[in-house]
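Shown next, in structure tokens, is the structure this report addresses.
Here, each number is a calculation from the coordinates, and none is a lab measurement. Just so it is clear, the model here is predicted, and its values are computed rather than measured. Ideal geometry is used to build each Cβ from the backbone, glycine not excepted, and the neighbour counts take in all protein chains shown.
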Amino acid sequence: MERDLMEAVKERCSNCPGRTVSICNVINDSDLPALVAESSRVIIPPGRCFIEEGTPARYFYVLTSGRVKLFNLMVDGRRQIIGFADLGNFLGLASSETYEFTAEALGEAVLCRFSHSSIDRLIERFPRLRGRLQKEASSELVKMQSRLMLLGRKTARERLATFLMEQARPCCVYGKVWCNEDGPVTLSLPMSRTDIADYLGLTIETVSRTFSTFKKEGLISIKGASSVTLLAVGSLNNLANGML
């Protein structure tokens, strides 16, 4: 059993790209067997939902690979995308008895799944984890406040610039491709233009037109439907903050 556990640690944690940015980063390498024992690894195929709004909230998830879109559905079928989860994001923290959103994989997604009782046991054993979860909750509140500003006050140009800067932020945090405020920074955007429009509260026509305008202005270059290179990060950041 112990040997199997160590093999699982080696397979799941040793090369996990989310190790340093997720809630796991407060747990020492020597204690990873306890983390693995309280969780399971799940692989979600592209387009599959693994959290459904209104269903019992039995699990928490840490995204260790891939991207995920989060959305709400109205009774008439209309959809509002509320966010895009990235590497290391912790999903389900704000849920009580039922989930408040649906989560769907954009491409294949790999997650670590924890039951509520597992998280309780880990918090008891590793007190620093409680503070890390509180930090995660605080971050979610900040995102909510930013989103209210996005939908309530910003123009279409400012909204799309904000979206691009949100997608670029992990590059800065994880130290992968961020060079300087003038770019270039190449982003993978696995979400569709319709997804982006739903997220920004715009029509797909407005989103497509604004992408084209940014391209003409030399702010971005576009390769295919899922790759955008930011050519002037500083200008896009200023635009996102209403400074242009």
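Summary table
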read-out: From the coordinates shown, Rg and Dmax of the Cα atoms in Å corresponds to which of [x] 17.1, 51; [y] 19.1, 60; [z] 17.9, 52; value: [y]
read-out: Extension gain (nm, one decimal) between ARG41 and GLN134, 0.36 nm per residue minus Cα-Cα; value: 31.1 nm
read-out: Distance between modelled label sites at ARG58 and ARG125, nm, 7 Å Cα→Cβ extension; value: 2.2
read-out: Percent RCO, i.e. relative contact order, over the chain, from Cα pairs under 8 Å lying at least 6 residues apart; value: 19
read-out: Dipole magnitude of the range 2-148, debye to nearest 20 (Cβ charges: Lys/Arg +1, Asp/Glu -1, about Cα centre); value: 320
read-out: Förster radius 25 Å - calculated FRET efficiency between ASP29 and SER117 (Cβ-Cβ, nearest 0.05); value: 0.55
read-out: Max mean-square fluctuation residue, GNM over the chain, Cα-Cα springs under 10 Å, options LEU231, LEU202, LEU141; value: LEU141
read-out: Share of Cα-Cα pairs in the range 1-133 lying beyond 26 Å, as whole percent; value: 23
read-out: Approximate spin-label separation LEU148-THR186, in nm, with each point projected 7 Å along Cα-to-Cβ; value: 3.9
read-out: Alpha carbon convex hull of the range 1-79, projected area averaged over orientations, nm²; value: 6.8
read-out: Mean ellipticity per residue at 222 nm, deg cm²/dmol - from DSSP H runs of n ≥ 4 across the chain, formula -39500 (n - 2.57); value: -13000 deg cm²/dmol
read-out: Lys/Arg +1, Asp/Glu -1 at C-beta; the chain dipole; positive extreme among PRO56, SER139, ASN238; value: ASN238
read-out: Pairs of Cα atoms farther than 15 Å apart, the range 41-97, %; value: 53
read-out: Average silhouette area of the range 97-139, convex hull of alpha-carbon atoms, in square nanometres; value: 4.3
read-out: Selected from GLY218, GLY88, GLY201 as most flexible by GNM, with the chain as the system and alpha-carbon contacts under 10 Å; value: GLY218
read-out: Cβ-Cβ FRET estimate between MET6 and THR229, R0 fixed at 45 Å, reported to 0.05; value: 0.60
